[in-house]
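Working notes, structure below.
Just so you know, all these numbers are worked out from the coordinates, no wet-lab data involved. Bear in mind the structure is a predicted one, so any value in this text is a computation, not a measurement. Here the Cβ positions follow ideal geometry from the backbone for every residue, glycine too, while neighbour counts run over all protein chains shown.
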Amino acid sequence: MELQAILYSQGFGTRRVCAGLIQQGLVVVQGAVCTDAAQQFEPEGLVFSVQGVTWPYREPAYVMLHKPAGTECSQKPSTWPSIYTLLPAPLRQRPQKGPVQGVQAVGRLDQDTTGLLLLTDDGKFIHRMSSPRHHVPKVYEVTVKHPLDDSQVGRLLAGVVLDDDPRPVAAAACEAVTPLHLRLTLTEGKYHQVKRMVAAVGNRVEGLHRSRIGGLALPDDLLPGQWRWLDAAELALLKP
Ligand code: URA
């Protein structure tokens, strides 16, 4: 694959911009500056650098982000900064066949929710992970306002009715870790689902953090606001 096409596929700008970066000597491949935009490289496993920034070739891109509080999962946020501003420009600019460019969040977390968020430009993956039919479990650490009792935990497991649907929604797992810390596992992602389920049993969410999706836990060393690539082993943990 031509170097110019490799850079383009990874989000480094239009084909012309990518050719310009290469011709100006700003791209290093396998330890040497390459100024020939048409030079061929095997893209799989290739690591190159553009203006000193090292970049691995990934197609598609799968990343995880530790979403901090006070950020919106929208591309066009209304009040708070967008999570997309936490990602480097190439991830936001990767060319897509559809109308939106770059990686997209796999589902959304509320502005005040923290924790594990996946982003990718693989539309099928987004669909599979978001579909309630696939039952991908998501674990939430919930700080509640009032001490939990057994009946609240029991009702969350048995199912509660939310205002937009007469069919009850139930937690796949639920435990009171401490009187004010609930660990709740859901396999679907309705709007404000955790907050509404907790309200339905007479309590209130004071803090919400997603700690796990499928078999993938948010790594302790990924601090709020940081992102990183998912490796093949981590991706395998997400297969339903
Ligand atoms: N449930 C909520 O209420 N909010 C989130 O951000 C995620 C799940």
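Counting lysine pairs in the range 84-240 whose alpha carbons fall under 14 angstrom apart, excluding pairs fewer than 8 residues apart on the same chain, gives 5.
A simple rule links phi to the HN-Hα coupling: the Karplus curve 6.51 cos²θ - 1.76 cosθ + 1.60 with θ = phi - 60°, which for the range 21-26 gives 4, 5, 5, 7, x, 9 Hz, with x for Gly and Pro. Per the Debye calculation on the range 137-213 with a single equal scatterer at every Cα and no solvent contribution, log₁₀ I(q)/I(0) for q = 0.16, 0.22 Å⁻¹ amounts to -0.47, -0.95.
Using alpha carbons only, what's the Rg to Rh ratio of the range 175-240 with Rh from Kirkwood?
Reported Rg/Rh (Cα atoms, Kirkwood Rh): 1.02.
Annotation: average projected area of the range 3-56 is 3.1 square nanometres, based on the convex hull of Cα atoms across all directions. Annotation note: trypsin sites (Lys or Arg not before Pro) in the range 1-98 located in DSSP loop regions with a Cβ neighbour count of at most 12 within 10 Å are Lys97. The H on the amide N of Gln226, modeled in the peptide plane, is under 5 Å from the matching H of His66, each at least 5 residues off or on a different chain.
Per residue of the chain, what 222 nm ellipticity follows from adding -39500 (n - 2.57) for every DSSP H run with n ≥ 4, rounded to the nearest 500? Don't skip to the answer; put the middle values down first.
On the way: 7 runs with 51 residues, N = 240.
After summing the helix terms and dividing by the residues of the chain, the value is -5500 deg cm²/dmol.
Considering only Thr187, Thr71, Thr54, the mean-square fluctuation computed in a Gaussian network model of the chain, springs between alpha carbons under 10 angstrom, is largest for Thr54.
Less than 5 angstrom separates the built amide H of Leu46 from those of Tyr57, all sequence-distant by 5 or more or on a different chain. Given 10 Å bins starting at zero, what is the percent of C-alpha pairs of the range 29-116 in each, up to the one with the largest pair distance? All Cα pairs considered, the percentages come to 14, 39, 28, 15, 4.
Judged by the gyration tensor of its Cα atoms, with axes a ≥ b ≥ c, the chain is prolate; a/c meets the 1.5 cut and a/b is the larger of a/b and b/c.
Taking label positions 7 Å along the Cα-Cβ direction at both Ser74 and Gln39, the computed distance is 4.6 nm, reported to one decimal. Amide H contacts under 5 Å for Gly115: Lys67, Arg210, restricted to partners 5 or more places along the chain or on a different chain, H placed in the peptide plane at 1.01 Å from N.
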